[in-house]
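Here the structure comes first, spelled out in structure tokens, and everything after it is commentary.
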Amino acid sequence: MKKRLATIMMAILVLAGYWGYQQIEEIPESGTSQKQKVQAVESTTYKELATLEYDGKNQVVQINQNRPTFTKEELATNQTPGQTFSDLDALNRVGVANALLNKSLMPNTDREPLYVNPTGWRNKKITVNGKSDWLYNRSHLIGYQLTGENNNVKNLMTGTRSLNTPGMLEYENQIANYMKETGHEVRYRVTPVFRGDELVARGVQLEAQSIQDQKIAFNVYIFNVQEGVLIHYEDGTSEMRNS
């Protein structure tokens, strides 16, 4: 009897773990690449996202089964396109950025050089797999190609090169191409996720939903990491990992 109870309890624990945390390898949905391995978790709150740890393989994590969490009001038609940014917090860190995107907001001029230094900006050249490049980018929350917002301190965070490109850029391109092709609108929200008083975000959550149809719909979290580098998120300093 005791052995049977132990077996049943073990089965329940395994099923519970699988339900809460699972690996999904080929997901041909909006917001993912068919060649991209995507991790899926049930985390939905800011606090839960801040505790996630990068597994060394999957930089992109699907949240809430890849479904965004906008309200009916946020997805209503006949709204005025625009964007809003959170005020910097007591540590001068950026917060949530919201936008109702429309083709009319997209810039028709080249982006000017960036000069704003966000929190944790301790940039340096690194060499990984024989390639030398800068570790960090000044990463836009709302991408320049979507609204033309550039040197705005409320819209720039310290992001690794891989977070910026291909990480965030892949999703921004999906939205931009969709708006160019259809002329439709997209509700978009970007949430930088910090742990405690750290100056560099652990990652960013991207949520998007097209207003007139369901062709754009994703909810993902991208880890702010770089291959071969150990980042000290408390101040932005870094060191190369031992191979």
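The values are calculated or read from the model by the stated rules, or taken from the named source; none is laboratory data. Quantities reported herein were computed from a predicted structural model and do not represent experimental measurements. Every residue, glycine as well, gets a Cβ built from its backbone with ideal geometry; the counts of neighbours run over all protein chains shown.
Taking the criterion of being part of a helix (DSSP H, G or I) and either buried (at least 20 other Cβ atoms within 10 Å of the Cβ) or free of Cβ contacts under 8 Å to residues at least 40 places away in the same chain (or both), the residues of the range 144-161 that qualify are Tyr144, Gln145, Leu146, Thr147, Asn155. Sort out which residues of the range 54-84 are more than 16 Å from the chain's Cα centre (by Cα) and part of a strand (DSSP E or B), and write them in order of number. Listed by number, the residues that qualify are Gly82, Gln83, Thr84.
Sort out which residues of the range 93-119 are part of a loop (DSSP other than H, G, I, E, B) and in contact (Cβ under 8 Å) with a residue 40 or more places away in the chain, and write them in order of number. Hits for the range 93-119 are Arg93, Val94, Gly95, Val96, Asn102, Met106, Pro107, Leu114, Val116, Pro118, Thr119.
Please determine, by comparing only the residues of the range 128-143 that are of a type in the set (Ser, Thr, Tyr) and either free of Cβ contacts under 8 Å to residues at least 40 places away in the same chain or under 28 Å from Ile211 (Cα atoms) (or both), which one is surrounded by the fewest Cβ atoms within 10 Å (Cβ to Cβ). By that ranking, first place goes to Ser132. Quick one: which of Val190, Val225 is assigned to a strand (DSSP E or B), within 27 Å of Asp87 (Cα to Cα) and aliphatic (A, V, I, L, M)? Exactly one of Val190, Val225 is assigned to a strand (DSSP E or B), within 27 Å of Asp87 (Cα to Cα) and aliphatic (A, V, I, L, M), namely Val190. Among the residues in the range 131-151, are any β-branched (Val, Ile, Thr) and under 21 Å from Ala99 (Cβ atoms)? Yes - at least one qualifying residue is present in the range 131-151. Residues in the range 39-62 that are over 21 Å from Glu227 (Cα atoms) and either modelled with pLDDT of 95 or more or loosely packed, with under 11 Cβ neighbours inside 10 Å (or both): Thr45, Lys47. Looking at (1) surrounded by fewer than 19 Cβ atoms within 10 Å (Cβ to Cβ); (2) closer than 25 Å to Glu73 by Cβ, which one does Glu207 not meet, given that it meets all the others? It fails just one condition, (1). Looking only at the range 193-220, residues that are in a loop (DSSP other than H, G, I, E, B) and among the small types (Gly, Ala, Ser) come to 2 in all.
Is it fair to say Thr109 is modelled with pLDDT under 95, loosely packed, with under 10 Cβ neighbours inside 10 Å, out of contact with any Leu (no Cβ under 7 Å at 6 or more places or on another chain) and under 22 Å from Arg138 (Cβ atoms)?
yes
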